[in-house]
Each structure stands twice: as structure tokens, then as C-alpha cells.
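Take a look at the structure set out below.
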Amino acid sequence: MAENIKATVKEVVHLASEPFTETEMLEQWLKYAQRMEDKGYRIVASLLTINDPKLEGTTIVHELPNESSKIDFEKEKPELLGYLRGKLHNHDITIHVKVNEALVVKKAFTNQDKYNRLVELNPNLALMKEMFGLDIVD
């Protein structure tokens, strides 16, 4: 009987929970979106890039414009969570989806819009543009 009890006792596995920043999370989020785009899953990619998710502790809050978008996103959420947990080395990550009907979708249409969007993501880009004397060509 003692051997049976030993056999049923499971080892406690400690999963990684390294700290990460919102920038690191966003970088991995966008890489995942690009992977989906490359695989031909354009709807998933557009749901991921519809706006930037916010980080609240280890919870990622992502706003979507309607309930049907949320349903589509929920289908992809387990794979996205696995990817982010692995890349960011933190298994405490969760994703919370909010529906915000008033959400203004950020779309970059011109080269200037695209540049402004990239500067929002990484302000060092403006410094590099100035340092190298680069122009934005339409």
C-alpha cells in the first residue's frame, strides 16, 4: 500500500516566472501576429494588431471592437498564451479580452502614418531618423 501511495504522489513543477516589460510583451505579440500573417491567418493577425494590448502585472488586456471579434480571438488565445509564456519565460501570464464598441482602430495608411506608429512603439526610431538625417518618402 505504501508503494501505491508513493506512485500517486506527483512532483511539484515550478514553472518560470521571470519579469518582463510591456515593450518586451508587445514585441513578442507583434512577432506572433506576423507569424499568423505569414501562415495566411489574416483575420487572427488583424485581431492581434487592431490595437496595442496593455500590460497590468502579468495580465495582458486586449480591447476588441465587438463581440464577434472576441469570439474569434478566444479561439486563438490558447496558442497565443503558450507562445507568450514560452518567449517571455513567465507562466503566470494571462490574457483578458475587453469589448469596447467605441474603439477606434489604429490603421496606418501613408508612410508618415506608418512612421508615426513605429515611433509610438519605439521612440528611439525618431532619434535614429534625426541622427542619420533620414527622410520619409511617400
**OP:** For K98 and T21, compute 0.36 nm times the residue count separating them, minus their Cα-Cα distance, and round to one decimal in nm.
**Re:** 25.6 nm
**OP:** Could you pull out every one of the aspartates and glutamates with an alpha carbon less than 14 Å from that of K70, ignoring same-chain neighbours closer than 8 positions?
**Re:** E101
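We did not get these values from a lab; they are worked out from the coordinates using the rules stated. Owing to the predicted nature of the structure, the values given are computational and were not obtained by experimental measurement.
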